[in-house]
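Have a look at the structure below, then the notes.
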Amino acid sequence: MHMIESLQHLPAASGSNAELAAQFTDLAPPLNARQAAVEAARCLYCYDAPCMNACPTGIDVAGFIKNIHDGNVDGAAHGILKANIFGSSCARVCPTEILCEDACVRNNPAERAPVRIGLLQRYAIDNARFEGHPFQRAPGTGKVIAVVGAGPAGLSCAHRLAMLGNEVVVYEAHPKPGGLNEYGIARYKLPGDFAQQEIDFLMSIGGIRIEYGRRLGENLALAELHTRYDAVFLGIGLQASRALGLTGENAPGLMAAIDYIAALRQASDLSRLPVPRRAVVIGAGNTAIDMAVQIKRLGAEDVTLVYRRGLESMSATGHEIEIAKANFVRIRTWAAPLEVLLDDSGRVAGMRFEHTRMEEGRLVRTGGVLEIAADAVFKAIGQGMSEEGFQEPIARELSREGERIWIDDRFRTALPGIYAGGDCVAPGQDLTVQAVQHGKLAAMAIHQDIQANMEAAWPT
């Protein structure tokens, strides 16, 4: 529990591990066979289906639903995984309500609801019975590629490279693979050791080896990877929590939401987690909501999520905001952090905010002040790039867009032979499903580039 030293002065969660664990079962119950059949029958199998165009990984949605309708569950799962090897976790964490289900032609007032594509995707993969791994590896190319980061981008890249006949060595800083799927997603979205089972399945294609405890800039050098391997893919995510830039930011009781979520996901005994009676979460994204809902479910009495703009500007989806409301999380908008309030012993006692409003398209502070008492404050104001990995001379040659790594349309960085994708590159929505797509497309680009270079090297 080293991650949450900042909260050691708080009491542990009340209730046994079993009672608390019951708060973190699946958010949505799975469909049974009859429900899946009824739901699949609602699909119109649109030609040029808008749901498929809305999917960042390009899953043939109509195709897999038709397979479910025809009783071919293995075929449905195969179709999903061919496009998205993380189809199982994406079916659980993907904001389908703003992607495929939003695009569904049945999503109109007369029809009441779109086809429940996410639940059907989950049904297909959960109920598939594959003999071994569903994909065969191409004949060996003799090429070895290094992947930095075992999150969805890195592992998606590794899997596709292995499928194309390459060998892959993955370097991961944490003791477990999975990236945010393992360390950063609400426990009720991916319960148990779900993330690990999915990775075991992915790895069963063969040709992929993971080395743990290897961090860029500490015990892993980009220059060495660059010379040793045929190509390098960076899927390093955004490791550093952004700072509020206020005094008291390091006081006991104030910490990054992502660190608490990681401790919660890794905890074997939930009753040992420190839980504040009153908590404030600062932020407006899905991480802020995941944090607020989970601390409430652990027994916090009073949880307030505070955001400096209005509800309509929150990056969390409407579906997520409804989850927060259903869990009695209070949402306060138009309030910007002003000061951390400390008690006599220097611990967090609350937070002072200043009211804000929009004036001619700019967010301005109005001078009005709001104070919220709290034993703990969690910041969920986004992740930034950790600069430790960029200290060596070669790493400085990577062009940046803001703090992210610049790439071209084939995921190539400014350094030949080095590619990047996922949250560490500029364009995008910071979604798991998008990271998976980046990894897959980068793998195809890497493979093609290596093959083209080999052909160019042969004397004619």
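The values are calculated or read from the model by the stated rules, or taken from the named source; none is laboratory data. Quick caveat: nothing in here was measured; it's all calculated off a predicted structure. For neighbour counting, all protein chains shown are included, and Cβ atoms are generated from backbone atoms with ideal geometry for every residue, glycine included. Accessible surface areas use protein heavy atoms only, side chains included; no ligands, DNA or RNA. Shrake-Rupley method; radii C 1.70, N 1.55, O 1.52, S 1.80 Å.
Of the strands (runs of 3 or more DSSP E) contained entirely in region 280-344, those carrying at least 2 residues that are buried (at least 23 other Cβ atoms within 10 Å of the Cβ) fall at 302-306.
Here MET255 clears all of (1) touching a residue at least 12 places away in the same chain (Cβ under 8 Å); (2) outside any strand (DSSP E or B) except the condition numbered (2). The set of residues in region 42-93 being closer than 20 Å to ASP126 by Cβ and of a type in the set (S, T, N, Q) consists of THR57, ASN67, ASN72, ASN84, SER88, SER89.
Against the criterion of being in contact with a His (Cβ under 7 Å, 6 or more places away or on another chain) and surrounded by 23 or more Cβ atoms within 10 Å (Cβ to Cβ), ALA186 does not qualify. In the set (1) closer than 17 Å to ALA173 by Cβ; (2) in a helix (DSSP H, G or I); (3) in contact with an Asp or Glu (Cβ under 8 Å, 6 or more places away or on another chain), the condition left unmet by GLU218 is number (2). Evaluated against (1) modelled with pLDDT under 90; (2) small (Gly, Ala, Ser); (3) more than 30 Å from GLN294 (Cβ to Cβ), ALA414 falls short on exactly one condition, (1). Just one of (1) open to solvent by 50 Å² or more (accessible area, probe 1.4 Å); (2) closer than 17 Å to ILE236 by Cβ fails for GLY382. It is (1).
Is it true that some residue in region 45-63 is surrounded by fewer than 16 Cβ atoms within 10 Å (Cβ to Cβ) and closer than 28 Å to ALA162 by Cβ? Yes, there is a match, as at least one residue in region 45-63 is surrounded by fewer than 16 Cβ atoms within 10 Å (Cβ to Cβ) and closer than 28 Å to ALA162 by Cβ.
Scanning region 6-21 for residues that are in a helix (DSSP H, G or I) and either surrounded by 12 or more Cβ atoms within 10 Å (Cβ to Cβ) or touching a residue at least 60 places away in the same chain (Cβ under 8 Å) (or both) returns SER6, LEU7, ASN17, GLU19, LEU20, ALA21. Would you pick out the residues in region 86-113 that are buried (at least 20 other Cβ atoms within 10 Å of the Cβ) and in contact with a Ser or Thr (Cβ under 9 Å, 6 or more places away or on another chain)? PHE86, GLY87, SER89, CYS90, VAL93, CYS94, PRO95, listed by residue number. Would you check if there is a residue in region 138-152 being open to solvent by 50 Å² or more (accessible area, probe 1.4 Å) and assigned to a helix (DSSP H, G or I)? Among the residues of region 138-152, not one is open to solvent by 50 Å² or more (accessible area, probe 1.4 Å) and assigned to a helix (DSSP H, G or I), which makes the answer no.
Residue check: is ALA456 open to solvent by 60 Å² or more (accessible area, probe 1.4 Å), part of a helix (DSSP H, G or I) and either at pLDDT below 95 or under 30 Å from ALA288 (Cβ atoms) (or both)?
Values: open to solvent by 60 Å² or more (accessible area, probe 1.4 Å): yes; part of a helix (DSSP H, G or I): yes; either at pLDDT below 95 or under 30 Å from ALA288 (Cβ atoms) (or both): yes.
In short, yes.
Considering region 1-51 alone, what residues qualify as being of a type in the set (Val, Ile, Thr) and closer than 13 Å to ARG297 by Cα? Within region 1-51, THR25 is the sole residue that qualifies.
Residue pairs whose Cβ atoms lie under 6 Å apart, separated by 6 or more positions or on different chains, with the first residue in region 198-221 and farther than 24 Å from ALA395 by Cβ and in contact (Cβ under 8 Å) with a residue 40 or more places away in the chain and the second of a type in the set (Ser, Thr, Tyr) and buried (at least 17 other Cβ atoms within 10 Å of the Cβ), are GLU198/SER88; GLU198/SER89. Counting only helices (runs of 4 or more DSSP H) that sit wholly inside region 28-135, those with at least 3 residues that are touching a residue at least 24 places away in the same chain (Cβ under 8 Å), within 13 Å of VAL433 (Cα to Cα) and under 21 Å from the mean Cα position of the chain (by Cα) are 73-83, 87-93.
If you go through region 190-206 one residue at a time, how many are open to solvent by 20 Å² or more (accessible area, probe 1.4 Å), of a type outside the set (S, T, N, Q) and either within 28 Å of THR141 (Cα to Cα) or part of a loop (DSSP other than H, G, I, E, B) (or both)? Spell out how you get there, then give the answer.
Within region 190-206, the first condition is being open to solvent by 20 Å² or more (accessible area, probe 1.4 Å), and the residues that meet it are 191-194, 196-197, 200-201, 203-204, 206.
Keeping just the survivors that are of a type outside the set (S, T, N, Q) gives 191-194, 200-201, 203, 206.
Next cut, either within 28 Å of THR141 (Cα to Cα) or part of a loop (DSSP other than H, G, I, E, B) (or both) only: 191-193, 200-201, 203, 206.
Counting residues in region 190-206 that are open to solvent by 20 Å² or more (accessible area, probe 1.4 Å), of a type outside the set (S, T, N, Q) and either within 28 Å of THR141 (Cα to Cα) or part of a loop (DSSP other than H, G, I, E, B) (or both) gives 7.
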